[in-house]
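The values are calculated or read from the model by the stated rules, or taken from the named source; none is laboratory data. Since the structure is predicted, the reported quantities are computational estimates derived from the model, not experimental observations. As a convention, Cβ positions derive from the backbone with ideal geometry for all residues, glycine included, and neighbour counts pool all protein chains shown.
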Amino acid sequence: MILTTIGGGFQLEQGAALSRLRSLAAGCPWGITAAYRTSARQAELYQGYLANLPGYNFALPPGTSKHELGLAVDVKPSTATWLVTHGAEYGWRRTNPSEWWHFEYFINEDTHANEGDDMQPVEVWAYKNGTGAPDAFQIVNNAAAYAAQANAKADKILAALAKIPAMNATAPVIDYARIIEGVANELDKRAAARLSQVKDA
């Protein structure tokens, strides 16, 4: 079992963590209240349930819960709603009808499980190296936001250039292609600088 930090102090098994990332990109409003837990913590919850202590819900005996494998999550209502509708294709399903908040991950049911190669390398790196790099996910989000902004700026530049009338023979020659190339190179440098933060995290 390879555990991966997913932010918020939570961990999941690597495959489940990657599935979470893919479903997040698809619009799932992930809000997790519990994920991986140790057998000791599972035993504590089980004993609290048996003793009918306040705040202790149904819990399986230690050694039998998918939480101990990093393959289960307890989620907030908005996440549960999304997973009920779309979670199955990402391998997530509710296994206990009486627990609306509890979902488990089944990699053999994840129709997107082989799409990891289509993800940005930095995202894959962040998930595979999440343990010990708690800020990697924020860096990834920041880098993605920066890339979106850069693309928007590039579109504006191209739109502006398209409006420039054809130059006559006496007009000064401006190498617009070289200008665009320079802008692209600068964006690449800035993006590389941000992505290097992930490798150093």
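Brief remarks on what is shown
- Counted residues, segment 62-112 - those being acidic (Asp, Glu) and closer than 17 Å to Arg41 by Cα: 2
- Scanning segment 17-35 for residues that are within 16 Å of Trp101 (Cβ to Cβ) and either not assigned by TED's automatic domain parsing to the domain that holds Asn114 or not in a strand (DSSP E or B) (or both) gives Arg20, Cys28, Pro29, Trp30, Gly31, Ala35.
- Residue selected from segment 81-113 under the condition aliphatic (A, V, I, L, M) and within 17 Å of the chain's Cα centre (by Cα), by the criterion nearest to Leu18 (Cα to Cα): Ala113
- Here the condition is being surrounded by 14 or more Cβ atoms within 10 Å (Cβ to Cβ) and touching a Gly at 6+ places or on another chain (Cβ under 8 Å); of Ala72, Ala59, Ala34, Ala43, it holds for Ala59 alone.
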